[in-house]
Structures are given as structure tokens and as C-alpha cells.
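Accompanying notes for the structure given below.
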Amino acid sequence: MSESIFNELAQCVIDGNEEKARIIAKRIIEMGLDPLKAINDGLMKGMRQVGEDFSNLKIYLPEVMMAAEAMKAALSILEPKILEKKIMEERRKVVIGTVQGDIHDIGKNIVALLLKANGFEVYDLGRDVPIDEFIKRAEEVKADIIAASTLLSTSMPYMEDLIKMLEERGLRDKYIVMVGGGPVTREWAKSIGADGYGEDGDEAVRVAKELLKVRGK
Amino acid sequence: MDEITRRAFEGQYMDERDFDLQLMKKCKELVKEYDIKFNPNEIITTDDSMADDVFEAGMKLFLDLGFYCQTTRKCIKFDEWELKYELKNLPEGIIIGEGKDAVVMNIRRVEDSKPPIIHSGPTGTLCSEGDIYVKTLRSYAQERIIDSIGAGTLATIDGFKIRKGTPQEFRAARALARWARQAIIEAGRPGMHINDIAVVSPEAKICALDPYNGIRKTDGLIVAQMVELKTSLSHLSLVEHLMSYGCFIGNLMTPILGGYAGGPEGTAIVTVAEHLAGVICYNANYHYLSLTNVKNLNGTDRRGLWTISIVGQALSRNTKIMSVFDCYCAAGPGTEILLREAAAGGVAATVSGLHLMGCGSCGGKLMDHATGLEARLLKEVGVASVKMKRREVNDFLNKWLPTYEEWLDIAKAPKGKTFQELYDLGSVKPKREWMEIYEKIKRELIDFGILI
């Protein structure tokens, strides 16, 4: 019984049906089912499918945004119940932005959206972000991950500077640093000492989760 | 420009996120309202009324939303009569370049018998500086069939990493223009049109303007739009200066297929709107349609080619806008796949009333992955396909795309080799291995009825 209603919730996310997602979430609470399980086996399952479909271009950004809205609607009902039970896991925090000199942000927005939809607490600094701002914000919110994006080759050196600045300030080991964006390659990411790279939003989420696991966070 | 600046300050305030959401919503509504449908088996639509609908929807989108100014967070809006007035007064053609190397760039219509002009160069590709850069550009300029060269992006200048907004970016702008001029002189075509120098800051671009050793009035520079339908005061200021200098202005748009506008249908609508913004706000002489797949960064799959074709048809049936398809490929030079992508792009664009630009490769991720040979093929295909009808092109594409489409995933696409590996650096001629691949694809194209 619980499996079928969780599947129904997953489908609401896939369909981007905000209203139905809210109704199903309420029903789950009324039935006394575990809200955390509803998130993991319903919402996250649906969102995984959405991420995969977007990665395979079966759907496009508007559908992903609608799915995220449906997820948000259901979460607004499920989360308070989890908090009541005090079983809410602490969410992992990501500080994300497009680096200095670059005013393009659609790629960064997609990654931020998918991270949020996958349960991360995302602090989006916007675009043209000076590197010290990434660090300042990460320190403030006690972030786990700093994610930097760019579409411009002339802004790529700032990613390198970001890692160097973390080293200079003795903060490098404190954060997982991920990079991505149009001209950024896996090899280049490795060469500057970044911890992770995502070819697309879906990979970025996967890598973020894997890196957290490896670091035992 | 005064009126545009005034509207950039006095227009309707909108948070940028709301503008994106509005655009997303409106594109969706317009696709539904006009019943625009992507057909993967008819890449070149033969439905004139659908092309006209895409034009009308694009116009509606632009008039409703306007052009978003990121600096002031205001929407620069126009009335329909203002836009129609600008469109009516566009010229039928322009002369680009100078002296014996000048070429006429005319408006093209659907199934036009006039061959397309090709603006070539290592578009969006990171390049080595100095001698290698000059030789890379020369590899394009020496191809007699090529009409114009543009720039790649430099990673370094005098060994110094180029960061946006630094003195090195300004120096790079001057060097890029100087090296482009050197390349066309070495190729024996000193008056050839140079269509851009690739630095990011609008302020740095201005450094390239130099009638003696840089961008002349017969050359051009690109003014970019931000995704989707956005500009800034810096970009408008660049337009102001280029207009007073007197060189050509290219309106660069990079609509994202799969982004805010959704699938091919919505992307086609926003792309039309971005052309209109380029006409009225950038005073553009020609427009670069650099369609970008959200994942694979190319424009040569079925969805991409359908989109550029219907946009080309929409514009050429309803306006005198000269649009150039920036043929961005997933694969790299030295591979069959890149040439297959270029051939498909060349045929699809030509029959749809577009001009050509290219080829970009590997999502611009790999250094020095650009050579003149793929641009030669792109233009040859364009010239060879001018007499083809849309139905014939569809038949060709439906047979041709299966020869490469499984390789378009950016992670899977063959990366090929660098310019230095594929060309003899002494003679600046393609090496045998690259020529053999080119000849093979050429023979295949002839077998498929494209008589290049």
C-alpha cells in the first residue's frame, strides 16, 4: 500500500503536478506513513527519473522546473512532520555561483535546481561572483561543497585562483570543490586540483553525493 | 540609441528570475496557441504556414516581454509599428570586406539559388597564441571558397593567462585583430572581411578597432546577447561605439535548446525574438544563430537542425534579416563525424535561407580543435545544395543523419586532433590523413547526390 502511494508521489514529481503532489503528501500524513520514507521513495525517486530524463533530453528545463515545484509543494507538507519527529537528517550545504567575469548563468541555475531537488541546501550566489565571496559565504553557512561554474575560458583562471586561495587560507580540506561549465573539462578540473566535475547537471549531483560519501560526510 | 537607453532606464522593472519564468511560460503558451510541432522525420519543414506562425509567435514574444537589460533590470519594450518600421528599412544586401576581396552578402530566401556566404574561423574554440594562431586563421583564409574569417579565443597572451577585465584581455584584443590581418595578408587576401575578435568584455573589444592594423570599417565585430533575450548597458555601449566607428555589427545569440524556452518549438520562437532584438537594439547587419544544445552544445542533431531550419524559413519568408547558422558540432577535426555534421548543417541551413559560419567543435572545450578544411566542406556543401528543394533535403538528411547521430553525445563524440597535428605547419596545408577523411566524405556526399 505504502509503496503504491509513494510511486504515485514520484509520478507527481515526474509530471510536474504541484497540486496533486500536495494532495498525495497530505494523504501520506493522514495515513500515518513515514514522511522520510515518502521523501526518499517518492519524491527523490521521481526527481532521479527527472534528472535522468533531462540528461537524455527526453524532457527540457521547463519540465525540470515544474518537477522541482511539485517536489517543493510536497516537501512543505512532509518536512514539518519530520521535524516534529526530530528525525530530519541535516541537509548538506552547497555554495554555488558563476565565477568572476562571467554573466552567464543558465548552466549554474540548472545545477542549483537539480541539487536542491536532490535534497541539498543550496546557496546560490548568482553570477560574476568574486572568489573571496565564495569562501566568505561557505564559511558563513558552514558549507560542505563549493561549486563554481563558467561558460567563459577567460573566467576559468578564477576557478584555479579559488582553489589557491582556499589553500593559502588553510581552508582547502574543509570543502569539496566542484567545477563545471561549457569550456571546463574533466582533465582541466583535475589539473587545477578540483575534487569533482560534472559534464552536466545530472552528473554534478551524482558526483556531489559520491564525494560526500567518500569524505564520510 | 538614446531612446533605447531611455527605455533601459525607464522601462518596466522585473526581477531577472521573473523574466526567465515569464519567458518560459510565454514560449509554452505560444507553442500551444500556434500549434507548432517538431517532426523528427521532416527536419526541414515544408509547411510554410508553420514557418510564418513561428515568425508571428517570435514577434509576439519580443513585443510582450521586450529585451531584458541586466544592468538596470528593466525590460526594453517596443511597439509593433516601431519594429515593423525597422524591419522594412533593412537593406537587401551589404558588401563586406574591401577591394578585390570584398563579397556581397545578400538576403537569402527559402530554396534560394544564390549560394550562402560563409563566415568562418575557429568559432568559440580556445586557440594557442602567436604563430599557431596566425596559421590557424590562414588555413581558413587560403580557402578561396571562404568569404570571411573570425576569431578563436586565446587562452594566453605573451604566456600570461587571460582573465576577463584585465590588461591582458585588452592586449589580446589588439593582438587578435593584428594576427587576423596578418593571416589574410599571408593568404593573399588582404581585403578579406574579418568578422570578429573573440574577447569577452565589450570594453576590450573596442581596442581592436584600428583602420591600419586591426578591425576596419569593412570588417565587423560581434555584440552578444545573454541567454535568453538579455543585454546590458555595456553591450549597448559597444553598439553605440561600433555604429559611430562604422564597421559591421553581428548580433550573436546562443539560444539554448532544452533551456528556458523548452524544446525545439519554443526555442525556435525565442530565436526569432532574439533576431528581432538584434535588429532594433543592436542595429545588426547580420545575425549569428548559434544554437546550443543544453547537453551536447551542438546544433547538428535532428532537433537542432529542425530549429535552425524553421527559424531560417520564418525570417527569410517574412523579413530581410540576414542570419548566419553557426554550425557547432559535437565532434572534432580529423574525424568523419565532424564532416558529417558540417554537411548536414550546410545543406539544412542553405535550403532554409540562411548563410553559414563554422565550424565549432567539441563544445569549444578543446584547444586548437579547428581547421580550415571543415569550413571548406561546409561552404562546398552550401554551394552544391542551392538547387535542392526542401523535400529533397529531407530525403538526404533522413539518410545522412543515421551515419552520425549516435555519436552526438558530447561524452561519446570523437574529439579528433589539433590544428598542429592535422596541418603541415610549414606549408599550412592539411596533412594526408585529414585530406583522406575529407575526400572520403566528399565521395560519400556525391553518392548521396550532393555534387561538391
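The values are calculated or read from the model by the stated rules, or taken from the named source; none is laboratory data. Predicted, not measured: the structure shown is a model, and the values here were computed from it. Using ideal geometry, Cβ is built from the backbone for each residue, glycine included, and neighbour counts are taken over all protein chains shown. Side chains are part of the model used for accessible areas, which takes the heavy atoms of the whole protein and leaves out ligands, DNA and RNA. Shrake-Rupley method; radii C 1.70, N 1.55, O 1.52, S 1.80 Å.
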Report, ordered by chain and residue number, the lysines lying within cross-link reach of B:Lys431, taken as a straight Cα distance under 16 Å and ignoring same-chain residues fewer than 8 apart. B:Lys135, B:Lys417, B:Lys440
Strictly greater than 33 Å: what percent of every Cα pair in chain A meets that? 19
Note the angle between two axes, namely the Cα long axis of helix A:156-168 and the longest principal axis of the Cα atoms of chain A, as a number of degrees from 0 to 90, rounded to the nearest 10. 90
Taking the Cα centre of region A:80-186 as origin, sum charge times position over the Cβ atoms of Lys and Arg (+1) and Asp and Glu (-1), and report the length of that vector in debye to the nearest 20. 480
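If you count, for each residue, the other Cβ atoms within 10 Å and average over each peptide, how do B:374-381, A:70-77, A:166-173 line up from highest to lowest?
The most tightly packed comes first, giving B:374-381, A:70-77, A:166-173.
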Trypsin sites (Lys or Arg not before Pro) within region A:1-58: DSSP coil, no more than 12 neighbouring Cβ in 10 Å: A:Lys58
Dipole of the protein assembly as shown [Lys/Arg +1, Asp/Glu -1 at C-beta], most positive-end residue of A:Ile24, B:Phe160, A:Gln100: B:Phe160
For A:Lys26, list the lysines whose Cα falls under 18 Å from its own Cα; do not include residues on the same chain fewer than 8 positions away. A:Lys37, A:Lys72, A:Lys81, A:Lys85
Hey, rough spin-label estimate for B:Glu433 and A:Arg169, points 7 angstrom out along Cα→Cβ, what's it come to in nanometres? 4.7
What's the carbon and sulfur percent of the protein assembly as shown's accessible surface, probe 1.4 angstrom, rounded to a whole number? 51
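Filter A:Lys209/B:Lys365; A:Lys20/B:Lys60; B:Lys295/B:Lys442; B:Lys28/B:Lys412; B:Lys295/B:Lys412; B:Lys84/B:Lys114 down to the pairs with a C-alpha to C-alpha distance above 21 Å, please.
Working: A:Lys209/B:Lys365 25 Å; A:Lys20/B:Lys60 33 Å; B:Lys295/B:Lys442 29 Å; B:Lys28/B:Lys412 31 Å; B:Lys295/B:Lys412 12 Å; B:Lys84/B:Lys114 26 Å.
Too far apart for the 21 Å limit: A:Lys209/B:Lys365; A:Lys20/B:Lys60; B:Lys295/B:Lys442; B:Lys28/B:Lys412; B:Lys84/B:Lys114.
Could you compute the FRET efficiency for B:Trp81 and B:Glu33, with r as their C-beta to C-beta distance and R0 at 30 Å, rounded to 0.05? Working shown, then result.
Details: r = 23 Å, r/R0 = 0.75.
Plugging the Cβ-Cβ distance into 1/(1 + (r/R0)^6) gives 0.85.
Using the Cβ atoms and a cut-off under 10 Å, what net charge is assigned to the surroundings of A:Tyr197, where Lys and Arg are +1 and Asp and Glu are -1?
Residues close to A:Tyr197 contribute a combined charge of -2.
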Spelling it out for B:Ile222: with amide H atoms placed in the peptide plane at 1.01 Å from N, the residues 5 or more places away or on another chain with amide H under 5 Å from its amide H are B:Ile197, B:Gly250
Can you give me the three principal axis dimensions of the protein assembly as shown from its C-alpha atoms, in Å, biggest first? 81, 58, 54
Tell me the label-point distance for the pair A:Ser76, B:Leu451, using the 7 Å Cα-to-Cβ offset, in nm and rounded to one decimal. 6.6
Could you report the protein assembly as shown's accessible area per residue, 1.4 Å probe, as an integer in Å²? 37
Quick one, could you list the DSSP H helices from chain B stretching 20 Å or more along their long axis (Cα atoms) with average Kyte-Doolittle hydropathy of 1.0 or above? B:336-351
Quick one: buried accessible area between A and B, total over both chains, 1.4 angstrom probe, nearest 100 Å²? 2800
Looking at region B:1-42, I'd like the Rg to Rh ratio, where Rg is from alpha-carbon atoms and Rh is Kirkwood's inverse mean 1/r. 1.24
Using +1 at the C-beta of Lys and Arg and -1 at the C-beta of Asp and Glu, which of A:Gly201, A:Leu211, A:Leu152 has the Cα lying farthest in the positive direction of the dipole of region A:93-214? A:Leu211
With angles folded into 0 to 90 degrees, how steeply does helix A:2-15 sit against the dominant principal axis of chain A? Use alpha carbons for both and round to 10. 50
